[in-house]
1. Just for the range 305-328: of the residues that are of a type in the set (Lys, Arg) and either modelled with pLDDT under 90 or part of a helix (DSSP H, G or I) (or both), which one is surrounded by the most Cβ atoms within 10 Å (Cβ to Cβ)?
2. Give the number of residues within the range 239-265 that are touching a residue at least 24 places away in the same chain (Cβ under 8 Å), closer than 19 Å to Leu191 by Cβ and charged (D, E, K, R).
3. Between Ala185, Ala199, which is in contact with a Cys (Cβ under 7 Å, 6 or more places away or on another chain) and either in contact (Cβ under 8 Å) with a residue 60 or more places away in the chain or hydroxyl-bearing (Ser, Thr, Tyr) (or both)?
4. Enumerate the pairs (first residue in the range 105-134 and more than 28 Å from Leu80 (Cα to Cα) and among the small types (Gly, Ala, Ser); second residue anywhere and open to solvent by 30 Å² or more (accessible area, probe 1.4 Å) and part of a helix (DSSP H, G or I)) with beta-carbon separation below 6 Å, excluding pairs fewer than 6 apart on the same chain, so at least 6 apart or on different chains.
5. Going residue by residue through the range 129-148, is there one that turns out to be open to solvent by less than 70 Å² (accessible area, probe 1.4 Å) and more than 23 Å from the chain's Cα centre (by Cα)?
6. Looking only at the range 329-349, which residues are at pLDDT 85 or above, closer than 23 Å to Leu71 by Cβ and open to solvent by 80 Å² or more (accessible area, probe 1.4 Å)?
7. State the number of residues belonging to the range 35-60 that are over 14 Å from the mean Cα position of the chain (by Cα) and either open to solvent by 10 Å² or more (accessible area, probe 1.4 Å) or closer than 16 Å to Val139 by Cα (or both).
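The values are calculated or read from the model by the stated rules, or taken from the named source; none is laboratory data. Nothing here was measured: the structure is a model prediction, and the numbers come from that model. We place every Cβ from the backbone using ideal geometry, glycine too, and count neighbours over all the protein chains shown. With ligands, DNA and RNA removed, areas are computed over all heavy atoms of the protein, side chains included. Shrake-Rupley method; radii C 1.70, N 1.55, O 1.52, S 1.80 Å.
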Amino acid sequence: MVAANLIPAPDAIPVAWGWLEVLLIVTFAAHILMMNAVVGGGVLCLVRSVSFPRDTAVRVVSHSLPTLFALTVNFGVAPLLFAQMLYGQFFYTSSVLMGAYWLSVVLLVIIAYSGLYTFRYKYETWKSSRMILAMVCAVLLFVGFIFTNNMTMMLQPEAWLAYFGDGGAADSGMGGLLLNTADPALVPRYLHFMLAAVAVGGLTLALLFEHRLAKGTMDKKEAMPHIRFGMMWFTICTAMQLLVGGAFLGSMPVRIRSLFLGSSDFHTGALAVALVCVAIVLHYAVRQRVKATAVALVATVLAMSLVRALVRAAYLEPYFKVQDLPVMADYSPMILFFATLLGGLWCIYYMIRLAFRPGREG
């Protein structure tokens, strides 16, 4: 059986592919920053709540996590839709092959969301709330593993053939349980994202206390230890990402790895820009410059999202080029999207301003 024969025909797109690719990169960067803040913030809350009962940092971060979680889910819709428009024939197939896990994400997200609210309101009065938070962290880490499997399996149609292998799902009747565990890049890719989550969790902690310090709701003596703690976590985990990222690059097929190591000027240049951004982030982080670190991090995530898009295109190149998608021009949906996006962003900005008014912070 030939893997290429399993790929469905692509649907036409309403605008030129470049618009959708740029929107995919930008919206994915926004989503991944939110996701990292939630997962990393949850992990840091768990560590602090075990070591320091009734810790101020846990109270402050836990009050922000449910809101950040809601934003993560909402900001995740756009990149998911853009990915389906551009790579739907690959994404839908991999989703069906691991359908049992993929559909479970809805239930797991509901469980995690309710768990974050439970921890927020019961942390200081209910000792078992730490077990609830541990469950939430485990659920979120598993959801990340499911997403990593899907995002890697959609890039490798040859991995779909395992469904038809000896003792595979087609023979056993156990459809929807295929995972991409044979991919050597799966674990490094997953660890790369999870380390980023813990790093951003530390930065989120520092930003929250920096905000309180700037607003005068907390004095410097009380805020600075928490800011230093958050920046320490961010710096250490970001530095560790360089090692894991190197392992991730090394685990890719030679054909793809070589593109980023000199055989393609554009791919190599994109990776170089991303690494320069990481160096700038670390420069500000070790100097405890919280806001400058956050700004540099946004630029870094955008650069890394571009590299991710180039990796995706390189994996799919033997089967598909996004430039070849048929276009049936209809710009009205994109105009409506931008109008709705601007209105939604204004509403989010207004709600965040209300949430951070003096006297309303937890």
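1. Residues of the range 305-328 of a type in the set (Lys, Arg): 308, 312, 321.
Next, only the ones that are either modelled with pLDDT under 90 or part of a helix (DSSP H, G or I) (or both) stay: 308, 312.
On the way: Arg308: 19, Arg312: 21.
The extreme case among them is Arg312.
2. 0
3. Values: Ala185 fails: in contact with a Cys (Cβ under 7 Å, 6 or more places away or on another chain).
Exactly one of Ala185, Ala199 is in contact with a Cys (Cβ under 7 Å, 6 or more places away or on another chain) and either in contact (Cβ under 8 Å) with a residue 60 or more places away in the chain or hydroxyl-bearing (Ser, Thr, Tyr) (or both), namely Ala199.
4. From residues that are more than 28 Å from Leu80 (Cα to Cα) and among the small types (Gly, Ala, Ser), the pairs are Ser129/Lys122.
5. yes
6. Leu336, Thr340, Leu342, Trp346
7. The first filter runs over the range 35-60 and keeps only residues over 14 Å from the mean Cα position of the chain (by Cα), leaving 42-60.
Within this subset, residues satisfying the condition of being either open to solvent by 10 Å² or more (accessible area, probe 1.4 Å) or closer than 16 Å to Val139 by Cα (or both) are 42-48, 50-56, 59.
Residues that pass the stated criteria total 15.
Yes/no matrix, rows are residues, columns are (1) farther than 22 Å from Glu210 by Cα; (2) surrounded by 15 or more Cβ atoms within 10 Å (Cβ to Cβ):
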position	(1), (2)
Leu249	yes, yes
Val254	yes, no
Cys277	yes, yes
Leu282	no, yes
Arg287	no, no
Thr300	no, yes
Ala303	yes, yes
